[in-house]
Amino acid sequence: LEFRRVLFRSSGNGRMDLELAPMVAEIDAALYVIDCLPNMSAEQVTERAAPFVRALRAQRPDAPILLVEDRTFTDAPFKRARVQAHARRRAALRSALEALQAEGVQGIAYLSGDGLLGLDGDAAVDASHPTDLGFERQADAFEPVVRELLGQPPPLRVLLLGDSISLGYTAEVRRRLAGRAIVARANVGPHDRRHENCAGTTKGVAQLDRWLAQDGGEWDVIHFNFGLHDLKRVDPKTRRNSNDPADPNQADLATYTSQLTTIVETLEATGDTLILATTTPVPTGGVRPHRDPEDVERYNDRARGVAEPRGIAVDDLYSFMLPRLTELQKPVDVHFTAEGSRGLGDLVASRVRRELRAMPWRPVTPGPGPAPGRPSRP
């Protein structure tokens, strides 16, 4: 998102002083963002918000104005006074918005403060000022609103689902698709953006809806893989990883096929473009927990049997990596060297890019102002 022509009116001294409205209006911005509530009392909001917007609108009759509530401080769950202060300021800002709308003032949007920092307490250094995580969350909250107000279409979005092998190649996929699409992968939770190991189909069935909904959902391409965890051996009593080749797979072939079918049916219901990745090879020599190298081909055959009749594209990571194991795979380990992960990332990015070519070009960083042929939202 191009922010060169978006003016953010904030900082520690930003209190919607009426005298500053004409100075703010001197800047020819495509959008004015007013984010001052953390510095103000409810009484100040009541006194200044509506007059400030009127003065700005008088000089800038066409540019949208975005009013932003104060971010919920991370210590609010422990301080009743903090919660009450948030509530009073926000009520005052909403009243100002309603008054302006009743007067017929157009082009005013509103952003809630509840989701700006999240609920885990990790997004601020002192309950108020954001950490890097806090700023990232605020940017994520602002971006779709600002895009809509500027008439900019959302960028193409790619979701990666997979085990630790995909964790290794995610960064390379992002690098290869930079400027063409936003690449996300399964996160630990709604307020925790750490990458999650999607593991096997058992976990996939349980968590898929959550992964699909993260970051607002609405994916264009979903690249997914399950298998490496399904075929590993587990203790039949404890269900913990086992090094005994006589123990059962985490999910036998029949269970794997059934659960993968459930996953694919859920993915198909999204209407998104799907790409199934085959499971990468298991080396010989006693990988722990135990996995039979021959099982990989059997599970991949079942995966193709689920995907191909449905017209789902297959990204054959197995065939790509099989002749390169001594060069790119760690000794007696299912994981790959940094060079191996980059190679897989390049392959995945290339396969995703083939699907993106058929989609309208929606750049990640468009130029300033409304997209051609699409007017700004009033």
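The values are calculated or read from the model by the stated rules, or taken from the named source; none is laboratory data. None of the values given here were measured: they were computed from a predicted structure. Positions of Cβ are generated from backbone atoms using ideal geometry, with glycine treated the same way; all protein chains shown enter the neighbour counts. All accessible areas refer to the heavy atoms of the entire protein, side chains included, with ligands and DNA or RNA removed. Shrake-Rupley method; radii C 1.70, N 1.55, O 1.52, S 1.80 Å.
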For the subset of the range 329-366 comprising residues that are more than 27 Å from the chain's Cα centre (by Cα) and buried (at least 19 other Cβ atoms within 10 Å of the Cβ), which member is farthest from Thr284 (Cα to Cα)? Gln329
Among the candidates Pro293, Pro236, Pro309, single out the residue that is open to solvent by 40 Å² or more (accessible area, probe 1.4 Å) and in contact (Cβ under 8 Å) with a residue 12 or more places away in the chain. Pro236
Considering only the range 122-148, state which residues are assigned to a loop (DSSP other than H, G, I, E, B), more than 14 Å from Asp70 (Cα to Cα) and either of a type in the set (A, V, I, L, M) or touching a helix residue (DSSP H, G or I) at 6+ places or on another chain (Cβ under 8 Å) (or both). Asp122, Ala123, Val125
Test Arg194 against the criterion of being touching a helix residue (DSSP H, G or I) at 6+ places or on another chain (Cβ under 9 Å) and either closer than 19 Å to Ile312 by Cβ or open to solvent by 40 Å² or more (accessible area, probe 1.4 Å) (or both), and give yes or no. no
Scan the range 257-290 for residues that are among the aliphatic types (A, V, I, L, M) and either assigned to a strand (DSSP E or B) or open to solvent by 40 Å² or more (accessible area, probe 1.4 Å) (or both) and jot them down. Ala269, Leu274, Ile275, Leu276, Ala277
Kindly establish whether Val33 is of a type in the set (Val, Ile, Thr), closer than 28 Å to Leu133 by Cβ and in contact with a Cys (Cβ under 9 Å, 6 or more places away or on another chain). no
For Thr74, indicate whether it is of a type outside the set (A, V, I, L, M) and not in a helix (DSSP H, G or I). yes
